[in-house]
Structures are given as structure tokens and as C-alpha cells.
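Remarks on the structure that follows.
No lab work stands behind these numbers, since they all come straight from the coordinates. Everything numeric here is computed off the predicted structure, so don't read it as measured data. Positions of Cβ are backbone-derived with ideal geometry, glycine not excepted, and every protein chain shown enters the neighbour counts.
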Amino acid sequence: MSFNPFKERGIPAEKQLRPWSELNVKPYDKNEVHPYTKARIILMNGVEVEGAIFSHQFARNLDDPELKKQLALTRRAEQQQQKAINWLSPGDETPLETTIGYEQVAVDLTAFLSANVPDPYVKQVFDFGLLEDFDHLYRYSNLLQMTEGIKSEKMLGKFTEVTPGRPTIKEHRHPFDDVRKHVDRKKADPLTNLFILTLLAGEQQTMNFYMNLGNTFKEQLGRGLYQEIAMIEEQHVTQYESLLDPTTSWIENALLHEYNECWLYWSFMEQEKDAKIKPIWELHLNMELTHLQTVAEIARKMGVEPEQLVPASLPKPLEFKSQIDYVRGILAEQVTWNACETQIGPPEKLPENSRYKATQDLLNAKGAPSEEVINMNRSKSGKEYRCELKGEHPVRELRSK
Ligand SMILES: [Fe+2]
Ligand SMILES: [Fe+2]
Ligand SMILES: [Fe+2]
Ligand SMILES: [Fe+2]
């Protein structure tokens, strides 16, 4: 069904602020929530955080008091949306349990985007990141079993496998090798731009979460694992943001952000089965319509035609669904691949890269927490934790011994 966000009626800006009583939502029950309801919550929290921070950056680079006021007004609503969403996470959910949710989002979101993105280079970059976050899920799952005695499959709900990806220890590369080629927004399919923006918001939130909450972990090894993976999320944010077309103006970028929020809330409103959560997606969609239409009007006055930037009717919805077969296919083909400058591929097809080895030697000089956590769980639980739902690992060298 086609949905034109420029035409649908939204909630007027001055009616968007909610009282505290409404904002302090009742959290979900961590034992009952559907993994993909949680995934939608995690992603939309990241998207709202990006929305608020982007708007602050825009305001800091803007010499126009009227537009600054407009940004402040919309941003207040974005901030409330973020609070309503993030406060759905209950207080009895530990940061490590939430972390499992974050990496499940990274895996199943990246796989969906990768399988559907029109641009082949962007697909290559997504697949590259996919195998790294997939490995994070395995490392954190072992930490979870070892420290809290919980199997992550309880949270993942048999939608996502837990087994090694590209080993985290090998993901540490020189910063120059994280920067990719950017898309040409005028030639790129609009879907490509929305996909990049969405994944970037998710990865940035993961980076923020680990950098702020990794230090709340008690055991030294877990603290180290958060540090190590937080640094990979820094690499991921560098990688994904470099895909964006840097010639996009601030106002065009604001428009893209609001359009993306409309598209995501609309996607999730359609899919959400949880009767307590669905009305939140619907309410927020109705707010976003006004955000989008307000920016569109300002953009037109500045000579930017919104419909030339984004399609009048929303593209097909983003979906959270099990991606086991897709991930297995990419694992089998690309687990050994590396990056050099903007190229990604099997090591033998990449240029000679001494800075990769130098970075590896420096950072992994005394081992790495991501390896220690597996060894330690093996000695504590008898074997490492995996949840392979469709047979043994597709890569012979990564099968359990
Ligand atoms: Fe928003
Ligand atoms: Fe990750
Ligand atoms: Fe990541
Ligand atoms: Fe918005």
C-alpha cells in the first residue's frame, strides 16, 4: 500500500510534547518480549539519538535564528521520542543482556540491508561489517554464559545463530583501511541512502553504548571485552559514515533524517505484533510526518526540491527477520576477507599491506580479551558456547573442536 509522507496529516508541532506521566512508559517484560520487538526498540532508540545529535550539530553550524528555533522545537520532540523508546527497556535487564540485543540487531539488520541494497559496493561493505558483528555476538554470548549462567539463545529466540564470524582479534586494522568510497546521492537509489543512514545510526548507538556502559562490568575480562569491541564499533562507524555523500547540504541532510524516521516508524507500525508497543510506532510516525513536512517547506524556500531527493511514496518496509541462511552464505565465502584502503576482498587479491600487520602486532601484543573469553569459558563450562541451528559451521576451520 503506498504511503506519501508529504501528504498524510501529522500531529501539529505544538501538540507533540508529552507530560512526564506519559513519557515514563511501562517497560517490557524481558522474559516475554519478542526478540524483534526488542530489535525495533533498540534500532529506533539509535535512530532518535542520531536525530537529536544531528540536529544539535546542524544548529551549531547555522547562522539563522528562526531556523534554529524550528530545530529546537522539533528536537525537543525527538528527545521525548528517544526517552519513550529507550525507557521500554526494564531495569532488571543487565547491560550484557541488552548487548546481546544490540548485536542481534547488528546481524539481522545488516543482513537484511545487504540482501536488499541496490548498490553492489555498498552491499560489499555491509557484508564485510556483518561478519564482524556476527562474531561479537559469539564473544558476548560466551561472556554471558560464563558470568551470568544464561544462554543467549533465550534472548535471541532461535532467529539468530551464535558461532564464530570473522574473529574479532583479526578485525583490528589501521584506521586508513576503514574509510570507504562514498556514494553519489544523485545517482544512487534513494533506498541506498536510507539504508546507510539507518545502519549508521544503529552502529553509532552501539559504539556509544559500549563506550559508556562497558565500564559497569565487574569482572576484568568482561571490561576488556567491551573495550576491544567498542573499538571495532568505532571502525564500523568510520566505515559506514564514509559511504554517505559528503556533498549533501545540511538542509538536505535534515530532510533525509526525517524521511528516514517516517519510513522506519511506518515499517515497524505495520509489522509490530506487540499491542503495547504498536501504538508508540504509530504515534511517532504521526509526529515525524510533521517534522518531515516542516523541513520540506524550509528546504523548498531554500531552493531544494524534496521530491527530487526522496521518493514521494515510502519504499518497501524494512523488516527484521531471521537471516541464518544469508549469514551462512557470506560466512562461507568471505570470512577470511580483509580491507585495504577502500577495497574489500580475499587477502591474496588485496595490495600488500604492512600497516595491517603492524596494527595487529601492536594491539594484540599480549593477546586479546575476545580470545581469552572463549578460552576461559571452555575451561569453566567444559566447552565454549555456540548455538548452531542449521548444522555445523559452514567454514571447516571454525568448527568446534
Ligand atoms: Fe524522531
Ligand atoms: Fe558489534
Ligand atoms: Fe558493529
Ligand atoms: Fe523527526
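See the values below:
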item	result
HN-Hα J in Hz across the range 309-322 - Karplus 6.51, -1.76, 1.60, θ = phi - 60°, x for Gly and Pro	9, 9, x, 4, 9, 4, x, 4, x, 7, 10, 8, 8, 4
Interchain or long-range residues, amide H under 5 Å from Cys387's placed H	Val162, Thr163
Under 5 Å, built H, 5+ apart or other chain: amide partners of Ser242	Arg180
Likely footprinting exposure, Lys390, Lys151, Lys170, fewest C-beta neighbours within 10 Å first	Lys390, Lys151, Lys170
Furthest towards positive pole of dipole, Thr247, Pro346, Ile53, structure part the range 13-398, Cβ charges	Ile53
Packing-based exposure ordering (other Cβ within 10 Å, fewest first) of Ser381, Ser89	Ser381, Ser89
Whole-Hz ³J(HN,Hα) from phi, Karplus 6.51 cos²θ - 1.76 cosθ + 1.60, for the range 59-75, glycine and proline x	4, 5, 10, 10, 9, 8, x, 5, 5, 4, 5, 4, 5, 4, 5, 5, 5
Total formal charge among the other residues, if their Cβ is under 11 angstrom from that of Thr248, Lys/Arg +1 and Asp/Glu -1	-1
Mean residue ellipticity (222 nm) of the chain, computed from DSSP H runs ≥ 4 via -39,500 (n - 2.57), nearest 500	-20000 deg cm²/dmol
Residue order, fewest to most surrounding Cβ atoms within 10 angstrom, among Ser249, Ser2	Ser2, Ser249
Mean Cα-pair separation over length for the range 13-398, i.e. relative contact order, pairs under 8 Å, 6 or more apart, %	23
Whether the chain is rounded, prolate or oblate, judged on the alpha carbon gyration tensor where a/c under 1.5 counts as rounded	prolate
Table column - 3J(HN,Hα) (Hz), the range 99-115, Karplus curve with 6.51, -1.76, 1.60, x for Gly and Pro	4, 4, x, 4, 6, 5, 4, 4, 5, 6, 6, 4, 4, 4, 5, 5, 5
